[in-house]
Amino acid sequence: METLRVQLLAEKGEISVPSQYVQPPETRPQIEKTNVKAAVPVIDLSSRTNLLDELRKACKEWGAFQVINHKVPISLLDDMRRVGRTFFEGRTMEEKLKYSCDSASPASEGYGSRMLVASNDTVLDWRDYFDHHTLPSSRRNPSHWPESPADYRKVVAEYSDHMKALAQELLGLVSESLDLTCQCIENVVGEFYQNITISYYPPCPQPELTLGLQSHSDFGAITLLIQDDVGGLEVFNNGEWVSVNPMSNAICVILADQTEIITNGEYKSAQHRAVTNAGRSRLSVATFHDPSKTRQISPAFHPPRYRPVIYGDYVSSWYTKGPEGKRNLDALLL
């Protein structure tokens, strides 16, 4: 069983990172080259005036945006960050390892470090995580989640339900912004398979050589992400990496590959990554909303620009080849 955790490496206080975490020169973060002038759009969901226009522009130009006034209680966002940080920083390694995921099986539930690994020679991400299977409710088994702090399981379950409602609302707005019926995208996706992944990025002695999470686009339908005040999430836009400004009251929305297929490429899934820093640990919580593995996904427009794909086949190819940006999606282009 894989027991190596990045947090253990960081706590050793080495001045250099082990070679398996060193990115090749072409994928290393060029800290000085991150575009600080551009900004990921922020959309106020309570303002209906130009909402669909703003959304259309954000989806077309970025594939990612932040939402405020989203009806999810800010106290719940704070609780989610708190219980996550308590697990990573308030439990002994021995306690945490009781929740270890199965490192041989992709996206298995629990505590781990190697989620996106295509093969043993792949460069590793400077991050640990806890993955929760939350929806459909038949997959949700809170006994697999940490018992401490006492409200951990209640917070995750409540957060899951709020994220589902927001994902449905957002996919409805995305559909309407393309003059599709409100339910269109959600009907293609079908019942949500939702996973909530808390990622913990320990301080890194050589942030210029590593990535917390390598560049990729998410393979499902829509991802909703919150981060703490440290920052580190970046979105690729117009040939440059742009930092997503941490806002404690905002939720970052990331369109994923199946939404690009359903919208026939009108809207692109966002390529994104996480960078590390030397001074402070960072925490983020990503909630993924995916189709079931047996679901066939195809464009809602004609003529189609993408071949139909069974979602489970798409996921298998992603895990087999590794993400490498968006090449799995490009393989479906007609």
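The values are calculated or read from the model by the stated rules, or taken from the named source; none is laboratory data. All values reported here derive from a predicted model rather than from experimental measurement. Neighbour counts are summed over all protein chains in view; Cβ atoms, including those assigned to glycine, are modelled from backbone coordinates with ideal geometry. When the accessible area is computed, the model is the full protein with side chains, heavy atoms only, and any ligands, DNA or RNA have been set aside. Shrake-Rupley method; radii C 1.70, N 1.55, O 1.52, S 1.80 Å.
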> Do we find a residue being open to solvent by 40 Å² or more (accessible area, probe 1.4 Å), of a type outside the set (S, T, Y), closer than 14 Å to N195 by Cα and touching a Leu at 6+ places or on another chain (Cβ under 7 Å) anywhere in region 144-161?
Replying inline: yes
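Hey, any hits in region 274-296 for a residue that's part of a strand (DSSP E or B), more than 24 Å from H132 (Cβ to Cβ), within 16 Å of the chain's Cα centre (by Cα) and not hydrophobic (A, V, I, L, M, F, W, C)?
Going residue by residue through region 274-296, those that are part of a strand (DSSP E or B) are 274, 282-290, 296.
If we keep only those that are more than 24 Å from H132 (Cβ to Cβ) as well, we get 296.
Okay, now just the ones that are also within 16 Å of the chain's Cα centre (by Cα), so none.
No - not one qualifying residue is present in region 274-296.
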> Where residues in region 174-200 are assigned to a loop (DSSP other than H, G, I, E, B) and touching a Gly at 6+ places or on another chain (Cβ under 8 Å), which of them is most open to solvent (accessible area, probe 1.4 Å)?
Replying inline: Q183
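Quick check on my filter: what residues within region 226-266 are on the phi > 0 side of the Ramachandran plot and either at pLDDT below 95 or open to solvent by 40 Å² or more (accessible area, probe 1.4 Å) (or both)?
G231, N238, G239
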>> T294 - would you say it is of a type in the set (S, T, Y), farther than 20 Å from T86 by Cα, crowded, with 19+ Cβ neighbours inside 10 Å and in contact (Cβ under 8 Å) with a residue 12 or more places away in the chain?
In response: no
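Based on what the data block shows, is S108 free of Cβ contacts under 8 Å to residues at least 60 places away in the same chain, open to solvent by less than 30 Å² (accessible area, probe 1.4 Å) and either in a loop (DSSP other than H, G, I, E, B) or of a type in the set (G, A, S) (or both)? Show your work before the answer.
On the way: free of Cβ contacts under 8 Å to residues at least 60 places away in the same chain: yes; open to solvent by less than 30 Å² (accessible area, probe 1.4 Å): yes; either in a loop (DSSP other than H, G, I, E, B) or of a type in the set (G, A, S) (or both): yes.
Criteria met by S108.
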> Considering region 39-75 alone, what residues qualify as being open to solvent by 30 Å² or more (accessible area, probe 1.4 Å), closer than 25 Å to Y159 by Cα, of a type in the set (V, I, T) and outside any strand (DSSP E or B)?
Replying inline: I74
> Restricting attention to region 211-225, which residues are open to solvent by less than 10 Å² (accessible area, probe 1.4 Å) and within 23 Å of P73 (Cβ to Cβ)?
Replying inline: I222, T223, L224
> For V72, which of the numbered conditions (1) touching a His at 6+ places or on another chain (Cβ under 7 Å); (2) of a type in the set (V, I, T); (3) at pLDDT below 95 fails to hold?
Replying inline: (3)
